[in-house]
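The values are calculated or read from the model by the stated rules, or taken from the named source; none is laboratory data. This is a predicted model, so every value here is computed, not measured. Glycine gets a Cβ as well: all are built from the backbone with ideal geometry, and neighbour counts include every protein chain shown. Areas reflect the complete protein model, heavy atoms only, side chains present, ligands, DNA and RNA absent. Shrake-Rupley method; radii C 1.70, N 1.55, O 1.52, S 1.80 Å.
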Amino acid sequence: MRRRFVTLDVFTEKRFAGNPLAVVLEPDGLDTAAMQSIAREFNLSETVFVQPPENKSHRAKLRIFTPANELPFAGHPTVGTAVLLALRDCGAKNRDFILEENIGLVPCRVKPQGKESGHATFDLPRLPEEIGAPADNVTIAAALNIGIDDIGFDGMPVQRWSAGAPYTIVPVKGLDAIGRCRIGTAHWDKAFGFDSHSAAFVVCREAAEQGHAFHTRMFAPGAGITEDPATGSAAAAFAGYLAARGAYSDGEHLVRIEQGYEMGRPSVMELTMRISGGKLTGASIGGSAVVVSEGTIEA
């Protein structure tokens, strides 16, 4: 049967930037294998399948797939799908609702901006946690095709964190170092293959645009993602990393993170951290999304 889908560009206010997302709106009758096949066909970093919620008071249940596997949680699919669902709720100026994902319940707040775009913010369904020791810097440098001296800034070490999706967070000296990063396949699994995600989130404090706190890149070849233009789940993990470094006082802090510039897909993620007693007590991820195309797929 023909099933409706919509594509959006996420973490951007304009088309042909940000992170592309496919949203399949009529997945009835599709099993997991069929959803995975459709995600491979779209070949975007993620494809979402919107299902009826298990709790009728919630807006929808989402299943999220990369070209290689299903994810319990992801950021740009949450933002993009929340914007799309709010736009389809005709006449609603602002919308608050809960999405069901495999990780749990995700509260969302959406402000439609015209008929084809909007801004969404979601609360992290799970606070980030450190998840074990990373590989050594020599192995990580080889896997990213950079020098060992490129790794680290302001005393910030390589660490592994997860807020539902695991990442090795690799701080590097600046834009020159981050721009030289390339996937070294011979070393990748040894450096980052602690799980099926096998993902590296590379960060530097030097930014391409004023007002942005960090410049980032994300590589996850094991999930079929050579490079991702914007990774909300990595920004969520990064919240734990930043809070643990003790650089933020108690209160609420907005951190703008840029990504995708090396791909020609500039993106901006808005990370809000809430810190009390020196610890992260809550966080949210926000960004804009715009509809790009609509159609049907036979499946």
Item checked: J(HN,Hα) series, the stretch 279-289, from Karplus relation 6.51 cos²θ - 1.76 cosθ + 1.60, nearest Hz, glycine and proline x -> 10, 6, 10, x, 7, 9, 10, x, x, 9, 8
Check: How are the C-alpha pair distances of the stretch 1-127 spread across 5 Å bins, as whole percents from the shortest bin up?
Finding: 2, 11, 22, 25, 21, 13, 4, 0
Next item on the list: Select from the stretch 53-131 those GluC sites (Glu not before Pro) which occupy a DSSP coil region and have at most 11 other Cβ atoms within 10 Å, ordered by residue number.
Entry: E54
Notebook entry, point to check: Which order do peptides 228-236, 286-294 fall in by mean Cβ count within 10 Å, highest first?
Noted result: 228-236, 286-294
Next item on the list: Write down the accessible area per residue of the chain in Å², having rolled a 1.4 Å probe over the full set of protein chains.
Entry: 40 Å²
Next item on the list: Specify the angular offset, from 0 to 90 degrees and rounded to the nearest 10, of the alpha carbon long axis of helix 75-88 from the longest principal axis of the alpha carbons in the chain.
Entry: 20 degrees
Next item on the list: Just the number, please: carbon plus sulfur as a percent of the accessible area of the stretch 151-212, 1.4 Å probe, no ligands or DNA/RNA counted.
Entry: 47 percent
Notebook entry, point to check: Per the Kirkwood definition applied to all pairs of different Cα atoms, how many angstroms is the hydrodynamic radius of the stretch 157-276?
Noted result: 14.5 Å
Notebook entry, point to check: Rounded if a/c is under 1.5, else prolate if a/b is larger than b/c, else oblate: which is the stretch 1-68, with a ≥ b ≥ c the root eigenvalues of its Cα gyration tensor?
Noted result: oblate
Check: For the stretch 80-130, which whole-number percentage of the solvent-accessible area (1.4 Å probe, protein heavy atoms only) is attributable to carbon and sulfur atoms?
Finding: 48 percent
Checklist line | Nearest-ten-degree value, helix 232-244 long axis tilted from longest Cα axis of the chain | finding: 40 degrees
Next item on the list: Starting from the Cα gyration tensor of the stretch 78-135, take the square roots of the eigenvalues, sort them a ≥ b ≥ c, and report rounded, prolate or oblate (rounded when a/c is under 1.5, otherwise prolate if a/b is larger than b/c, else oblate).
Entry: prolate
Check: Taking K279 as the anchor, which aspartates and glutamates have their alpha carbon closer than 15 Å to its alpha carbon, excluding any fewer than eight residues away along the same chain?
Finding: E129, E130, D250, E252
Next item on the list: Would you list which lysines come within 26 Å of K93, measuring only between C-alpha atoms, while excluding same-chain residues fewer than 8 positions from it?
Entry: K14, K56, K61, K111, K115
Check: In nanometres, what is the gap between the two model label sites at D149 and R126, each 7 Å from Cα along Cα-to-Cβ?
Finding: 4.0 nm
Notebook entry, point to check: To one decimal place, what Kirkwood hydrodynamic radius in Å is obtained for the chain from all pairs of distinct Cα atoms?
Noted result: 19.2 Å
Checklist line | Under Karplus coefficients 6.51, -1.76 and 1.60, residue-wise ³J(HN,Hα) of the stretch 149-164 in Hz, glycine/proline x | finding: 6, 6, 7, x, 7, 6, x, 7, x, 6, 9, 10, 9, 8, 10, x
